[in-house]
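Contents: one structure, followed by commentary.
The values are calculated or read from the model by the stated rules, or taken from the named source; none is laboratory data. It should be emphasised that the depicted structure is a prediction, and the values quoted were computed from it without experimental measurement. FYI the Cβ positions are ideal-geometry reconstructions off the backbone, even for glycines, and counts take in every protein chain you see.
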Protein chains: 2
Amino acid sequence: MGRRIADVSTPARLAGPGEGLGPDELALATRNHGLPLEAMRYDVTPPGLHYVLTHYDIPHVLDEAAWRLTVNGRVRRALSLSPAQLRTYPAVTTRVTLECAGNGRALLTPRPVSQPWLVEAVGTADWTGVPLRVLLREAGARPGAVDVVFTGADHGVERGVEQDYRRSLPLPIATGDDPEVLVAYAMNGGPLPPQHGSPLRLVVPGWYGMAQVKWLRDITVLDTPFTGFQQSVAYRIRQDPEEVGEPVTLIAPRALLIPPGFPDFMSRTRVVAPGTVAVEGRAWSGRAPVAAVEVSTDDGQAWHPAELEPDHGHRWAWRRWSFLWSAVPGDHVLSVRARDGAGNTQPAEQPWNRGGFANNLVQRVPVFCRAPA
Amino acid sequence: MGRRIADVSTPARLAGPGEGLGPDELALATRNHGLPLEAMRYDVTPPGLHYVLTHYDIPHVLDEAAWRLTVNGRVRRALSLSPAQLRTYPAVTTRVTLECAGNGRALLTPRPVSQPWLVEAVGTADWTGVPLRVLLREAGARPGAVDVVFTGADHGVERGVEQDYRRSLPLPIATGDDPEVLVAYAMNGGPLPPQHGSPLRLVVPGWYGMAQVKWLRDITVLDTPFTGFQQSVAYRIRQDPEEVGEPVTLIAPRALLIPPGFPDFMSRTRVVAPGTVAVEGRAWSGRAPVAAVEVSTDDGQAWHPAELEPDHGHRWAWRRWSFLWSAVPGDHVLSVRARDGAGNTQPAEQPWNRGGFANNLVQRVPVFCRAPA
């Protein structure tokens, strides 16, 4: 023997210069998937087009009626609730844009070896459930409570640590109403699909995906800060592995455009005809409402204001923007960038961190405008 | 200028020795996605877990009521049918396992540079629609008809050729009833999702995915063999680019197992505890019903019969199989292989072709059995 469970893990590492994607990154890319960018045409992402990132396996829930969500720890009254009981609470539906904290990782140099997202790890859904603060009020956090820990049913190993997927929120966030955190049991009006956390999941509007614990089975109130793997080891902004690092929290502003025209199958280069091209896309920020969107058609030299639609009452969802481009024959690079009301912007050159988290580098879409017909 | 539309394409090529996946392959891998193998637990694949391969973009269908399916060419009476009109025909529902013709491509040496599937480009759905033979009888193929061409609304460039996605079937297949080809308007009892061909698609049970034309808008009967790009250039089994090659048609037998235990996030290595491990999976063949499934727990040295479930009346769907494994501590490789009633089997060493088509190499799943607790 001699081999231990820790040995099945590969350590965190950076790809070498020019190193293409390896079989481990490919195995993640074929399991998880992004939003095909043309699906940004829908306000609410249809089932199967919303991005999915699963750390371990999608748990097998044989009997939803037997599922229990427990609320434990530093509370006056522990709770144990079935999905059916949760449906008896007043329901709240919130439209939320979710984005993986590792979105953009595969474009970094050097590339952190992990799930290799380009820019498409995003999606928007109507989530229905019970506000977390309602459940925590019923359970009653006792004095000294600081963190609330959420445990999912997905189980695996990561860098040698066997674990259930587990993340925490500070008590003021968990009991707050801006954003209002949900324990959700429905997506777009239907039951949660297996890959989106059936039967119960957390939805934390404005936060990156690592906070959105799926297959939620336990909520524990702690009187000490939570230091689990996904809180203290993973999902930290670090330059060096020894740093404590800053936690990944709210989604940085990002705008993406739907690549116009039609693509080449393999290069994905776009082809348009000369004339007016309606360019559109979405913009979002978890830090403050989006304030402005600008488009460049010359690879970031000049920037032009795009028309930004109102949020139609959906503060936590992406907003549609549009721009009319007068395309002339030749090669072009389209880009778009968002600024939010707190002054957060998107960089033209990518800040780098070891985990490849919280990237919001400006998107670049090469487009070939053909000669007139 | 000087640049032409053909120049946006990258030519077909093979990866060099040790060459990792490039940005173009990654762009395809993040758009398209496979079946997370644990989803083989479901007889019918839930929405969003079925594999998806889109050559170009998912078309934007603004008004389904305005969609028309035309039946043209060498027919006595041309047809033009709306999705609503198609729903007035007697409906047929067939459970079908679909698999991409390129499944397994990324495991080939040398690797054809294209959509980089490992083994997971598969899924099973209940498809509802009108038998194609009913529509072709109504239109009446005229004497001399040989091929029936299906045109989708997805448009793009591929190796320099601008095209709508277009494939054909020989007339006897198109008008036959074994398999019965469907013009489908529903998947698993609901409307087709955009990425699965909304509002109409072809379903050809037993054939690889390239035949399953999505966003179907035209059916043309020809009196000469169809020689379009996707028929004569792509989807051919060739050793050399100059060969005419053999067409890719029926799905070769394949069995896959659900990786047991739990995974490491990055290496995807599986961990199980010692003792009896229930191993299960699915097996299918488009060429003849699956006749036997065997499992190996020692990397293909010894093979043991698995228990194969009956097809429950679903000839064109995968069948569940199971096997009890007595796991002992240490490293193991699990494999499974299927044989169909026509004697087709799965190779232990991969035959190679330039396009990476119709692979059915035996799956290998490394498993670490931990020491007793």
Review point. Within the range A:8-15, is even one residue assigned by TED's automatic domain parsing to the domain that holds A:ALA211 and within 18 Å of the chain's Cα centre (by Cα)?
Key: no
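Whether any residue in the range A:317-332 is in a loop (DSSP other than H, G, I, E, B), more than 30 Å from A:PRO11 (Cβ to Cβ), in contact (Cβ under 8 Å) with a residue 40 or more places away in the chain and touching a Ser or Thr at 6+ places or on another chain (Cβ under 7 Å) is what I want to check. Reasoning before the result, please.
Going through the range A:317-332, the residues in a loop (DSSP other than H, G, I, E, B) turn out to be A:317-318, A:328-329.
Filter once more, keeping what is more than 30 Å from A:PRO11 (Cβ to Cβ): A:317-318, A:328-329.
Going one step further and asking which of them are in contact (Cβ under 8 Å) with a residue 40 or more places away in the chain, we end up with A:317-318, A:328-329.
Among the residues that remain, those that are also touching a Ser or Thr at 6+ places or on another chain (Cβ under 7 Å) are: A:317-318.
There is at least one residue in the range A:317-332 that is in a loop (DSSP other than H, G, I, E, B), more than 30 Å from A:PRO11 (Cβ to Cβ), in contact (Cβ under 8 Å) with a residue 40 or more places away in the chain and touching a Ser or Thr at 6+ places or on another chain (Cβ under 7 Å).
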Check your understanding: Tell me, which strands (runs of 3 or more DSSP E) lie completely within the range A:151-255 with 1 or more residues that are basic (Lys, Arg), more than 14 Å from chain B (Cβ to nearest Cβ) and over 20 Å from the mean Cα position of the chain (by Cα)?
Key -> A:216-222
Check your understanding: Taking the stated definitions as given, is A:THR30 facing chain B (nearest Cβ under 9 Å), among the hydroxyl-bearing types (Ser, Thr, Tyr) and without any contact (Cβ under 8 Å) to a residue 12 or more places away in the chain?
Key -> yes
Check your understanding: Within the set of pairs 6+ apart or on separate chains, which have a first residue in the range B:348-373 that is over 30 Å from B:THR249 (Cβ atoms) and in contact (Cβ under 8 Å) with a residue 40 or more places away in the chain, a second that is of a type in the set (A, V, I, L, M) and exposed (fewer than 13 other Cβ atoms within 10 Å of the Cβ), and C-beta atoms under 8 Å apart?
Key -> B:CYS369/B:VAL328; B:ALA371/A:MET1
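Could you identify the single residue in B:HIS60, B:HIS50 that is within 25 Å of B:ASP126 (Cα to Cα), surrounded by fewer than 21 Cβ atoms within 10 Å (Cβ to Cβ) and within 9 Å of chain A (Cβ to nearest Cβ)? Give the steps one after another, and end with the answer.
On the way: B:HIS50 fails: surrounded by fewer than 21 Cβ atoms within 10 Å (Cβ to Cβ).
The unique qualifying residue is B:HIS60.
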Exercise for review: State all residues of the range B:101-138 that are within 27 Å of B:ASP218 (Cβ to Cβ), more than 11 Å from chain A (Cβ to nearest Cβ) and surrounded by 20 or more Cβ atoms within 10 Å (Cβ to Cβ); if no residue qualifies, say none.
Suggested key: B:ALA101, B:GLY102, B:ALA125, B:TRP127, B:THR128, B:GLY129, B:VAL130, B:PRO131, B:LEU132, B:LEU135, B:LEU136
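Hey, any hits in the range A:346-357 for a residue that's assigned to a loop (DSSP other than H, G, I, E, B), charged (D, E, K, R) and modelled with pLDDT of 95 or more?
Yes, the range A:346-357 contains at least one residue that is assigned to a loop (DSSP other than H, G, I, E, B), charged (D, E, K, R) and modelled with pLDDT of 95 or more.
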Practice item. Filter the range A:116-139 down to residues that are small (Gly, Ala, Ser) and over 23 Å from A:ALA101 (Cα atoms), then give me how many there are. Key: 2
Check your understanding: Only one of these conditions is not met by B:THR88: (1) touching a Lys or Arg at 6+ places or on another chain (Cβ under 6 Å); (2) without any contact (Cβ under 8 Å) to a residue 40 or more places away in the chain; (3) away from chain A (no Cβ under 14 Å). Which number is it?
Key -> (1)
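Look at the range A:298-338 and say how many of its residues are of a type outside the set (A, V, I, L, M) and either in contact with a Gly (Cβ under 9 Å, 6 or more places away or on another chain) or closer than 24 Å to A:VAL203 by Cα (or both). So that I can check it myself, show each step before the final result.
From the range A:298-338, those of a type outside the set (A, V, I, L, M) are A:298-301, A:303-305, A:307, A:309-316, A:318-323, A:325-326, A:329-332, A:335, A:337; that's our starting set.
Subset that is either in contact with a Gly (Cβ under 9 Å, 6 or more places away or on another chain) or closer than 24 Å to A:VAL203 by Cα (or both): A:310-316, A:318-323, A:326, A:335, A:337.
Looking only at that region, the number is 16.
Inspect the range A:55-65 for any residue being touching a strand residue (DSSP E or B) at 6+ places or on another chain (Cβ under 8 Å) and without any contact (Cβ under 8 Å) to a residue 40 or more places away in the chain and give the result as yes or no. Break it down into steps so the answer makes sense when it comes.
Going residue by residue through the range A:55-65, those that are touching a strand residue (DSSP E or B) at 6+ places or on another chain (Cβ under 8 Å) are A:55-59, A:61.
Retained after the next criterion (residues that are without any contact (Cβ under 8 Å) to a residue 40 or more places away in the chain): none.
No - not one qualifying residue is present in the range A:55-65.
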Practice item. Check A:ALA234 against each of (1) crowded, with 17+ Cβ neighbours inside 10 Å; (2) of a type outside the set (Phe, Trp, Tyr); (3) in contact with a Lys or Arg (Cβ under 6 Å, 6 or more places away or on another chain) and name the one condition it does not meet. Key: (3)
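Scanning the range A:1-26 for residues that are in a helix (DSSP H, G or I) and either facing chain B (nearest Cβ under 7 Å) or at pLDDT 90 or above (or both), which turns out surrounded by the fewest Cβ atoms within 10 Å (Cβ to Cβ)? Steps first, answer last, please.
As a first pass, look at the range A:1-26 and keep what is in a helix (DSSP H, G or I): A:5-8, A:23-26.
Among the residues that remain, those that are also either facing chain B (nearest Cβ under 7 Å) or at pLDDT 90 or above (or both) are: A:5, A:8, A:23-26.
Numbers: A:ILE5: 16, A:VAL8: 25, A:PRO23: 14, A:ASP24: 18, A:GLU25: 23, A:LEU26: 22.
This residue is A:PRO23.
Among the listed residues B:ALA306, B:ALA283, B:ALA288, identify the single one that is closer than 28 Å to B:GLN115 by Cβ, of a type in the set (Gly, Ala, Ser) and surrounded by 19 or more Cβ atoms within 10 Å (Cβ to Cβ). Write out each step before concluding.
Numbers: B:ALA306 fails: closer than 28 Å to B:GLN115 by Cβ; B:ALA288 fails: surrounded by 19 or more Cβ atoms within 10 Å (Cβ to Cβ).
So the residue among B:ALA306, B:ALA283, B:ALA288 that is closer than 28 Å to B:GLN115 by Cβ, of a type in the set (Gly, Ala, Ser) and surrounded by 19 or more Cβ atoms within 10 Å (Cβ to Cβ) is B:ALA283.
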**Study point:** Residue tally, condition in contact with an Asp or Glu (Cβ under 9 Å, 6 or more places away or on another chain) and buried (at least 21 other Cβ atoms within 10 Å of the Cβ), over the range B:167-193
**Key:** 4
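Where residues in the range A:244-277 are on the phi > 0 side of the Ramachandran plot and in contact with a strand residue (DSSP E or B) (Cβ under 8 Å, 6 or more places away or on another chain), which of them is surrounded by the fewest Cβ atoms within 10 Å (Cβ to Cβ)? Walk me through how you get there before you give the answer.
Step one: filter the range A:244-277 for residues on the phi > 0 side of the Ramachandran plot, giving A:245, A:261, A:268, A:275.
After this cut, where a residue has to be in contact with a strand residue (DSSP E or B) (Cβ under 8 Å, 6 or more places away or on another chain) as well, the list is A:245, A:261, A:275.
Details: A:GLY245: 19, A:GLY261: 18, A:GLY275: 11.
Applying the filter and picking the extreme gives A:GLY275.
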Revision key, fill the gap. For the range A:321-355 the number of residues that are within 14 Å of chain B (Cβ to nearest Cβ) and buried (at least 19 other Cβ atoms within 10 Å of the Cβ) is 3
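Quick check, is A:GLY343 on the phi > 0 side of the Ramachandran plot, assigned to a loop (DSSP other than H, G, I, E, B) and either over 24 Å from the mean Cα position of the chain (by Cα) or among the acidic types (Asp, Glu) (or both)? Working first, answer last.
Details: on the phi > 0 side of the Ramachandran plot: yes; assigned to a loop (DSSP other than H, G, I, E, B): yes; either over 24 Å from the mean Cα position of the chain (by Cα) or among the acidic types (Asp, Glu) (or both): no.
Against the criterion (on the phi > 0 side of the Ramachandran plot, assigned to a loop (DSSP other than H, G, I, E, B) and either over 24 Å from the mean Cα position of the chain (by Cα) or among the acidic types (Asp, Glu) (or both)), A:GLY343 does not qualify.
For the range A:67-76, does any single residue satisfy the condition of being modelled with pLDDT of 95 or more, in contact with a Gly (Cβ under 6 Å, 6 or more places away or on another chain) and away from chain B (no Cβ under 14 Å)?
Going residue by residue through the range A:67-76, those that are modelled with pLDDT of 95 or more are A:67-76.
Narrowing the set further to residues that are in contact with a Gly (Cβ under 6 Å, 6 or more places away or on another chain) leaves A:75-76.
With away from chain B (no Cβ under 14 Å) added as a condition, the list becomes A:75-76.
Scanning the range A:67-76 turns up at least one residue that is modelled with pLDDT of 95 or more, in contact with a Gly (Cβ under 6 Å, 6 or more places away or on another chain) and away from chain B (no Cβ under 14 Å).
Going by what's in this entry, would A:ALA234 be described as in the same structural domain as A:TYR51 (by TED's automatic domain parsing) and either more than 29 Å from A:GLN85 (Cβ to Cβ) or touching a helix residue (DSSP H, G or I) at 6+ places or on another chain (Cβ under 9 Å) (or both)? Before the answer, list the steps.
Details: in the same structural domain as A:TYR51 (by TED's automatic domain parsing): yes; either more than 29 Å from A:GLN85 (Cβ to Cβ) or touching a helix residue (DSSP H, G or I) at 6+ places or on another chain (Cβ under 9 Å) (or both): yes.
Answer is yes for this residue.
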